[in-house]
Amino acid sequence: MLAQRPHLLKAQISRSRTLHITAAAGSASTPGWAYHRVQKDNRNARPENVAGNFWVDHTCIDCDTCRTMAPETFSRIDEQSAVHQQPSDRKGRVRALQALLSCPTFSIHVNEKSSKELKEAQAGMPLPVPGTANCFSCGWRSEKTVGGESFVITRPQGNVMVDAPRYNPILAKRIQEMGGIKYIVLTHKDDVGDHERWAKHFNAPRILHADEVVPDTQAVEVKLTGEGPWQLPDGSDDITLILTPGHTAAHVCLYYAPDKALFSGDHLCAGYTPDEELYVFKDFNWYSVPRQLESVRDLLQYDWLHVLPGHGRPVHLRDALHRLQAVNALLQREGLQLEQQPAAVSSASS
Ligand code: SF4
């Protein structure tokens, strides 16, 4: 996300073995932004953990991954994660192990683990996205993306990876068992993770807008130009790549029609309070917040119900009317109106 966030973090890590970031952005209520508390080398248990097998150390960067994956075990205490309750059954331990494997900073520890349960945790990822048939979240998040999520869409025409997780051979084997990867779509320049290793492993062309290319992504095989929308290079029509400028100048969302799923990168996610169903990161914006809000409005031309972001939590909407209301509420909070209701919305919500 979020040029400022990862760039700030990386700069601090490279300069100092102990991380003391004082220019914390965002607010204490918004996860991921409490870097002033991170102590890069302090692998001791945080005192906020309840005693027991699982624990979190002081290097947690508050990315929210573990709390999303195993909320019954992990919670946010004093702007970092901690174990608030030890898992009491096998399912809970497996979920906690999946969070451990997915932690981008290896901040979660377990004193004793069963190899059977560890294998079960590994075999369960990528995790199915609730409400969809073919969408899976990868886990195995990368510190390079400050714990951004990535996804795999399984489809007869060839699977698609959306943004790239931390490279791991166990995950690669699992994805191979699911049919491998035909294309890797990178939504924007920030959250590309270990894209090169994944592209090489699966011999999969990477797709990124030309205006998002930076030195690390010069070798990307397919560079989108213009304003789209675009189809995948094989011409399959179930996936549409949509230009959504705002977070960055040429950010792209991927819309997968069969599951009504919008892979939104850093464009759109769930809010952090109950009255904010949809949310855009305004503190971490590298192009234009007004343009980002316009891009959100323009997405109403598509029939999405599941918003699957790189950062922030996913959103699952009931129907087209719910979608319209959620977008309208977001725009109104920002003092904007739906100036012109796209035709697709009118018909879908009537
Ligand atoms: S996954 Fe790791 S870095 Fe992220 S909130 Fe949990 S403990 Fe912290």
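The values are calculated or read from the model by the stated rules, or taken from the named source; none is laboratory data. Because the structure is a prediction, the values reported are computed rather than measured. Note that each Cβ is placed from the backbone with ideal geometry, even for glycine, and that neighbours are counted across all protein chains shown.
Can you pull out the residues in segment 231-245 that are out of contact with any helix residue (DSSP H, G or I) (no Cβ under 9 Å at 6 or more places or on another chain), touching a residue at least 40 places away in the same chain (Cβ under 8 Å) and either among the polar types (S, T, N, Q) or outside the structural domain of GLN301 (by TED's automatic domain parsing) (or both)?
SER236
Select from segment 41-73 the residues that are without any contact (Cβ under 8 Å) to a residue 60 or more places away in the chain and assigned to a helix (DSSP H, G or I) and write down the one among them that is surrounded by the most Cβ atoms within 10 Å (Cβ to Cβ).
CYS66
Hey, among the residues in segment 63-82 that are of a type in the set (A, V, I, L, M, F, W, C) and in contact with an Asp or Glu (Cβ under 6 Å, 6 or more places away or on another chain), which one's farthest from the ligand (Cβ to nearest atom)?
ILE77
Can you spot a residue in segment 139-157 that is within 24 Å of ARG93 (Cβ to Cβ) and hydrophobic (A, V, I, L, M, F, W, C)?
Checked against the condition, which is being within 24 Å of ARG93 (Cβ to Cβ) and hydrophobic (A, V, I, L, M, F, W, C), segment 139-157 yields at least one hit.
Suppose we filter segment 104-115 for residues that are at pLDDT below 95 and either within 12 Å of the ligand (Cβ to nearest atom) or under 20 Å from the mean Cα position of the chain (by Cα) (or both); how many remain?
Result for segment 104-115: 0.
What number of residues within segment 74-131 satisfy the criterion of being assigned to a strand (DSSP E or B), among the polar types (S, T, N, Q) and touching a residue at least 24 places away in the same chain (Cβ under 8 Å)?
Going through segment 74-131 one residue at a time, the tally reaches 2.
Among the residues of segment 138-150 satisfying the criterion of being crowded, with 23+ Cβ neighbours inside 10 Å and in contact (Cβ under 8 Å) with a residue 60 or more places away in the chain, which is nearest to the ligand (Cβ to nearest atom)?
Among residues in segment 138-150 that are crowded, with 23+ Cβ neighbours inside 10 Å and in contact (Cβ under 8 Å) with a residue 60 or more places away in the chain, the one nearest to the ligand (Cβ to nearest atom) is GLY147.
Could you grab me the full set of residues in segment 87-103 that are out of contact with any strand residue (DSSP E or B) (no Cβ under 6 Å at 6 or more places or on another chain) and more than 8 Å from the ligand (Cβ to nearest atom)?
Once the filter is applied, which keeps residues that are out of contact with any strand residue (DSSP E or B) (no Cβ under 6 Å at 6 or more places or on another chain) and more than 8 Å from the ligand (Cβ to nearest atom), segment 87-103 yields PRO87, SER88, ASP89, ARG90, LYS91, GLY92, ARG93, VAL94, ARG95, LEU97, GLN98, LEU101.
From the residues in segment 177-226 that are among the charged types (D, E, K, R) and crowded, with 24+ Cβ neighbours inside 10 Å, which one is nearest to VAL152 (Cα to Cα)?
Checking each candidate, the answer is ASP191.
Restricting attention to segment 132-150, which residues are modelled with pLDDT of 95 or more and in a loop (DSSP other than H, G, I, E, B)?
Selection gives THR132, ALA133, ASN134, CYS138, GLY139, TRP140, ARG141, SER142, GLY147, GLY148, GLU149, SER150.
Kindly evaluate TYR255 against the criterion of being assigned by TED's automatic domain parsing to the domain that holds LEU308 and assigned to a loop (DSSP other than H, G, I, E, B).
No: the conditions fail for TYR255.
I need a count of the residues in segment 49-62 that are within 10 Å of the ligand (Cβ to nearest atom), of a type in the set (A, V, I, L, M) and in contact with a strand residue (DSSP E or B) (Cβ under 7 Å, 6 or more places away or on another chain).
1
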